[in-house]
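The values are calculated or read from the model by the stated rules, or taken from the named source; none is laboratory data. As the structure is a prediction and not an experimental result, all values here were calculated from the model. Here the Cβ positions follow ideal geometry from the backbone for every residue, glycine too, while neighbour counts run over all protein chains shown.
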Amino acid sequence: MTTTDTSGAAGGVGSPGGTHGTGIPESGDTGVGPVALDGADWRGVAAEDADDVTADMGLGLRTRSRRLLGSLLRSHQRALRWLVAVVLVENAARLAIPYLVKIGIDLGIPPIQAGEGSRTLVTVTAVVLVCVVVQAFARAEFLLRSGRIGQQVVLELRRRLFRHFQRLSTAFHDRYTSGRVISRSTSDIDALEEMLDSGFDGLVTAVLTMVGTATVLLLLDLELGLVALLAFPPLIWLTRWFRRESALTYRRTRETVAAVIVHFVESMTGIRAVQAFRREPRNEEIFAEVNEDYRRANERAFRLVGLFMPGIKLIGNVTIALVLILGAYRALDGEVTVGTLAAFLIYLRQFFEPMQEVSQFYNTFQSASAALEKISGVLEERPQLADTEHPVPLPVAHGRVALEDTSFEYVPGRPVLAGLDLSIPAGQTVALVGTTGAGKTTIAKLVSRFYDPTSGRATLDGIDLRELADDTLRRHVVMVTQENFLFAGTIADNIRFGRPDATDEQVRESAAAIGAHTFIEALPQGFDTQVETRGGRLSAGQRQLVAFARAFLADPAVLILDEATSSLDIPSERLVQRALRTILAERTAIIIAHRLSTVEIADRVLVLEHGQVVEEGTPAGLIAAGGDGRYAALHDAWIESLA
Ligand SMILES: Nc1ncnc2c1ncn2[C@@H]1O[C@H](COP(=O)(O)OP(=O)(O)O)[C@@H](O)[C@H]1O
Ligand SMILES: [Mg+2]
């Protein structure tokens, strides 16, 4: 995936003053800024661009996130039930310990004082020991199991996300920049991972401990228990405040870290353009801004924790002091035993300790749910060009291509093609010429089904492309463009990409057929030369030749060349030209080219203007027609430029 328009993409991140408090500075280069959405408009990834999350929308996001989490956990139900059992055992053991201390003090010590031996105390101590050991083992089991489940869930989610991103249409990827894709699959997944790894554990333990402890406190001594419960109102108030504030704050940190990643990735993906246009200083400014936003958001988060944690401790310690004083008087009056008081104080400690974990959990939970919101949004995006359920089989294609009364618009209300009819018999080579923006590439994209027509249909051998399985279509229709992406691997691998089961011999033959073997064999390891990612080692022309070899090896019924020869020098183009006659001989071809030398090999030329065919004929015929013919004019200009 490439993002060539860095300036445009970066502008979406850091348009002046646009990053301060305006929600998500993530809109791509569609020009659609952050907007308030309502009703059902927020489905899919749209909510990412929302300025304010309305109540209705928030509910929808939560349901959607929960559904995703549910579906991820479904296959682990048995393991989860086991986990619950383990956690219950662990907590029972933990809760038992202070009570055993009480028994030890109240029932174990008096016999010793009375000289009746230490049997009770020893027994109680032994039971405490058992509890401690059980607790330790249960804890270990819990950590091990929950870690395993967490990792499996994350693995599954990463796998789903990758597969989904791959299946989403190029139209989606046009809008959703690579920075956002990376942000989703790295920092968002990490946030979820953190919650599953530590946060979940913290919450379960904390809730069980707190509920369990509160119950035991009331049972142990109602009066002291009620005093301890006095801590509840300030505790609830503080926790609520923290929840509200941290919800905002953590949403903000997620957004700002996403902005940092997006800007980073886009600057680096477009590094050539960045350097060519000396965009570095401005990029640094923007980066400094988004980075600063991120720091500020984190600082706010720390400030919240910095108030919340000591607050909890304070409430806890004050409560303990109160209980101690009151308990001491009650003990003197003989209303509670010393053992009960001791147990009470230990329970209280146990009660307040996990409160801090709850806050910690709340942080991870906030991050994770914000991340989950976005990930579930991506997963909710339907591949626009859905595969049909009952595809028409087409093992062999003749290559008859047609657009029937086809209209198309990228942006609603701005038609690029309106009611276009175009029919190309099998085996014909058609050249599309016309000014930039006339709609040539759009036609190519419709014929190769990177987009579906807004109305009308695109057909292959009379079958609507929507009724063909994607595999079938890709086997029969191949498009070569100017952007030729080479993957990490050898040259041979890259050519074989067109037909994975091809032999070395076939790879060589196809390279030879288009005249690419000369330069390939001159490389250090010939066909086994590793191309760096993005084919850095090859020139644009050489990459193009590899792409041709790839397409030739794929041997499709329909081949589309969209300005595919434009980065070749004249000698290479001559070479390809000669090869093209071979390549195109037995198939349908659509050639889009500016160099009329390439157009001349076509059987038929269509001159396009504003999505309409304004002239049509053989290359020679159109030139012969001369006069005010557009092709004739183009041809004259071309001849002149050669002179
Ligand atoms: N991804 C897109 N989103 C919105 N408009 C587009 C997109 N791609 C092309 N267009 C518009 O569609 C029209 C035709 O473009 P295109 O088919 O690429 O022209 P050509 O290949 O003839 O130069 C142009 O007006 C262009 O602005
Ligand atoms: Mg074009």
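Laid out as a table, the results:
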| quantity | calculated |
| --- | --- |
| Filter result for residue 153 (part of a helix (DSSP H, G or I), of a type in the set (A, V, I, L, M), at pLDDT 90 or above and surrounded by fewer than 18 Cβ atoms within 10 Å (Cβ to Cβ)) | no |
| Residue ranges of strands (runs of 3 or more DSSP E) in region 534-643 with at least 1 members among the small types (Gly, Ala, Ser) and either under 20 Å from residue 432 (Cβ atoms) or in contact with a Lys or Arg (Cβ under 6 Å, 6 or more places away or on another chain) (or both) | 588-592, 612-617 |
| Evaluation of residue 565 against (1) out of contact with any helix residue (DSSP H, G or I) (no Cβ under 6 Å at 6 or more places or on another chain); (2) within 16 Å of ligand 2 (Cβ to nearest atom); (3) at pLDDT below 85 (one fails), failing number | (1) |
| Residues of region 453-497 satisfying the condition of being touching a residue at least 60 places away in the same chain (Cβ under 8 Å) and either part of a strand (DSSP E or B) or at positive phi (or both) | 460, 461, 462, 463, 477, 478, 479, 480 |
| Considering residues of region 542-574 that are within 12 Å of residue 480 (Cα to Cα) and hydroxyl-bearing (Ser, Thr, Tyr) only, the residue farthest from ligand 1 (Cβ to nearest atom) | 565 |
| Qualifying positions in region 424-461 - more than 8 Å from ligand 1 (Cβ to nearest atom), closer than 14 Å to residue 473 by Cβ and not hydrophobic (A, V, I, L, M, F, W, C) | 448, 449, 451, 452, 457, 459, 461 |
| Close pairs (7 angstrom Cβ cut-off, 6 or more residues apart or separate chains): free of Cβ contacts under 8 Å to residues at least 60 places away in the same chain in region 546-568, within 16 Å of ligand 2 (Cβ to nearest atom) and in a loop (DSSP other than H, G, I, E, B) anywhere | 565/593; 565/595 |
| Identity of the residue in region 395-432, assigned to a strand (DSSP E or B) and of a type in the set (D, E, K, R), that ends up nearest to residue 471 (Cα to Cα) | 404 |
| Hits in region 433-452 - residues which are out of contact with any Phe, Trp or Tyr (no Cβ under 9 Å at 6 or more places or on another chain) and part of a strand (DSSP E or B) | 434 |
| Tally, over region 64-103, of residues that are more than 14 Å from residue 200 (Cβ to Cβ) and either not assigned by TED's automatic domain parsing to the domain that holds residue 217 or not charged (D, E, K, R) (or both) | 21 |
| Those residues of region 269-291 which are loosely packed, with under 14 Cβ neighbours inside 10 Å and part of a helix (DSSP H, G or I), in sequence order | 272, 275, 276, 280, 281, 284, 285, 288 |
